[in-house]
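Student: This structure is in structure tokens; I'll ask about it shortly.
What follows draws every value from the coordinates through simple rules; no lab data is involved. Worth saying up front: this structure is predicted, and the values here are computed from it rather than measured. Neighbour counts are summed over all protein chains in view; Cβ atoms, including those assigned to glycine, are modelled from backbone coordinates with ideal geometry.
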Amino acid sequence: MATPNTSWKPWQKIAFRFFFPFLALSSYLCWDTTIYVVHGAFYHNQFDLGILYRPMAATCYWLDKHIYHTGFNPQTQQGFPGDNHFGVVFYLTLFSISVLIAIAWSILDKKKNNYDRLYYWLCLYLRYALIIVMFGYGIDKLIPTQMMPPGVLAMTTPYGYLNRYFVLWDFMGMSPGYQIFTGACELVATFLLFSRRTAVFGYVLMAGILTNVVALNIFYNVTVKLFSAQLLLYTLFLLAPYVNSIFQFFFAGGSKAYVAKQFVFKSNSKKYWLKGVLTAVPWILMLIIGIGTYYRYLRKTANAQKEKIYDVTAIVAKDSLPATMDDSVRWKRMLLNVYDNHAVIFTKDDNLDWYKYDVDSVKKTFSFHSGPDKKTWKTLSYTNPSKDELQLTGDWKGRAIQVSMKVLPLESFPLKREKVKLVGD
């Protein structure tokens with residue numbers, strides 16, 4: 001390879017000695033995210049990210065106990081980096097390791113004039129890591145899968161009972177058109193990164209998109225604040241050399257070109273090998289993610305169509321309980337097929353009881369359970385007086401009850417009936 005003869009300033013060399021290990025090591029999260037997305041595209045069960053981090057758990061626990069003191073406990077807390085104790089410890093550890101590497105590197109490599117070659121390869125690697133990760137997020141919105149339209153749970157839960165995360169998810173899911181638009185923007189920025197000629201515009205567009213994403217994640221308590229901030233840091237790092245030229249062009253009334261240094265293999269076979277890898281790997285991964293996302297969209301849509309709301313029309317206590325019976329026993333509404341196979345029972349005191357449920361069409365029973373111990377299962381007999389009616393009879397929390405319910409169509413909610421209007425009435 002040909003190496004341009006340039007000399008970096010001392011602060012540039014020190015900064016690079018820190019950012020090189022920090023950005024390279026933190027990119028592990030990009031690949032675990034890719035594994036998670038690919039797995040989720042083809043399998044119903046979620047991939048356990050903790051498997052990828054279990055070897056680190058003991059070390060992180062020791063570091064936290066003796067150095068960081070954040071209160072991380074791998075026995076009771078999530079074992080993968082997110083907006084949690086493990087995430088804080090993980091990033092603090094990467095930061096500490098990078099500082100130590102930067103110090104040792106600065107002592108051992110004082111005479112080095114530049115790191116142009118390492119910088120080139122780091123930028124190339126980060127650019128393609130961004131391409132793969134952001135394609136996954138973009139296609140998940142272009143095929144509106146990430147935020148599905150509000151289902152039976154969202155439509156029946158009072159607004160004041162929702163947390164910020166669900167408010168944001170329902171806001172995005174309620175308008176598939178807007179979600180598709182945001183996904184298209186992410187994909188445009190992603191594809192601009194493929195070519196060196198359009199990469200700078202891609203960095204600018206991606207920086208704007210990710211700044212908005214980070215702000216939404218922070219202010220709506222979405223639990224990927226640290227990871228989205230990491231992706232924004234990658235984008236700003238890649239954009240940094242061009243900031244002066246961009247400022248001169250837009251704000252100083254002039255122009256100043258920045259010519260990025262390129263390193264080219266002298267051997268044709270190595271050139272073709274590199275081009276093949278940089279073409280085949282991302283496109284194969286994107287094809288897999290795209291196809292999988294489409295099938296996941298079909299699954300989610302099919303599950304959403306199975307969701308049902310049953311409003312309680314009458315509830316009778318067989319043992320003649322007084323009208324002041326515990327409100328936790330009285331039902332107000334029942335939701336079925338929430339998150340695939342869950343039932344949610346709204347009680348008169350506005351509590352939500354969650355259960356997994358099974359239906360035995362031969363014995364005509366509903367079994368509600370929240371654990372593997374069948375002794376705790378609640379089994380009620382059911383009848384269907386009509387197509388849209390359901391009646392359950394049996395023992396519930398020590399009380400013999402009979403509950404009559406009727407299906408409430410989602411289309412009965414004004415939010416579901418409202419259409420997009422370019423011109424109002």
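Student: Place a +1 charge on the Cβ of each Lys and Arg in the chain and a -1 charge on the Cβ of each Asp and Glu, then give the dipole magnitude about the Cα centre in debye, rounded to the nearest 20. Mind dumping the intermediate values first?
Tutor: Details: 45 positive and 27 negative charges, 348 e Å.
I would put it at about 1680 debye.
Student: Next question, about the same structure. Give the residue from S267, C123, C60 lying farthest towards the positive end of the charge dipole for the chain; charges sit on Cβ (+1 for Lys and Arg, -1 for Asp and Glu) and the dipole is referred to the Cα centre.
Tutor: S267
Student: Sticking with this structure for a sec: Mind scanning K308/K397; K348/K397; K387/K416; K332/K363; K356/K378 and naming the pairs with a C-alpha gap bigger than 19 Å?
Tutor: Listed pairs above 19 Å: K308/K397; K387/K416; K332/K363.
Student: Right, another one. Among A57, A252, A15, whose mean-square fluctuation peaks in a Gaussian network model of the chain (Cα, cutoff 10 Å)?
Tutor: Looking only at A57, A252, A15, the biggest GNM fluctuation is shown by A252.
Student: Still on this structure, please answer the following. For the range 5-78, what does the equivalent ellipsoid look like in terms of its semi-axes, each the square root of 5 times an eigenvalue of the Cα gyration tensor, given largest first in whole Å?
Tutor: On the way: eigenvalues 209, 102, 10 Å².
Result for the range 5-78: semi-axes of 32, 23, 7 Å.
Student: Where in the range 29-73 does the label zone of I288 land, with the point 7 angstrom along Cα→C-beta and an amide N cut-off under 20 Å?
Tutor: 29-53
Student: Also, I was wondering about something else. In the neighborhood of G292, defined by Cβ-to-Cβ distances under 14 Å, what is the net charge if each Lys or Arg adds +1 and each Asp or Glu adds -1?
Tutor: +2
Student: How long, wide and thick is the range 25-142, going by the Cα atoms along their three principal axes, in whole angstroms, largest first?
Tutor: That works out to 55, 40, 20 Å along the principal axes.
Student: Which one of P55, P74, P241 has the biggest mean-square fluctuation once the chain is modelled by GNM with Cα springs under 10 Å?
Tutor: P55
Student: Taking N as the number of residues in the range 107-178, what is its Cα Rg relative to 2.2 N^0.38 Å? Spell out each step's value before the answer.
Tutor: Working: Rg = 21.9 Å, N = 72, 2.2 N^0.38 = 11.2 Å.
Taking the Cα Rg and dividing by 2.2 N^0.38 Å, one obtains 1.96.
Student: Compute the Kirkwood hydrodynamic radius of the range 309-412, taking the inverse of the mean of 1/r over all pairs of distinct Cα atoms, and give it in Å to one decimal.
Tutor: Averaging 1/r across every pair of different Cα atoms and inverting gives 14.2 Å.
Student: Still on this structure, please answer the following. Take a quick pass over the range 10-303 and tell me how many lysine pairs come in under 26 angstrom between Cα atoms, counting only ones 8 or more apart or on separate chains.
Tutor: 17
Student: Ok, one more. Restricting attention to the alpha-carbon atoms of the chain, what are Rg (one decimal) and Dmax (integer), both in Å?
Tutor: Over the chain's Cα set, Rg and Dmax evaluate to 27.7, 93 Å.
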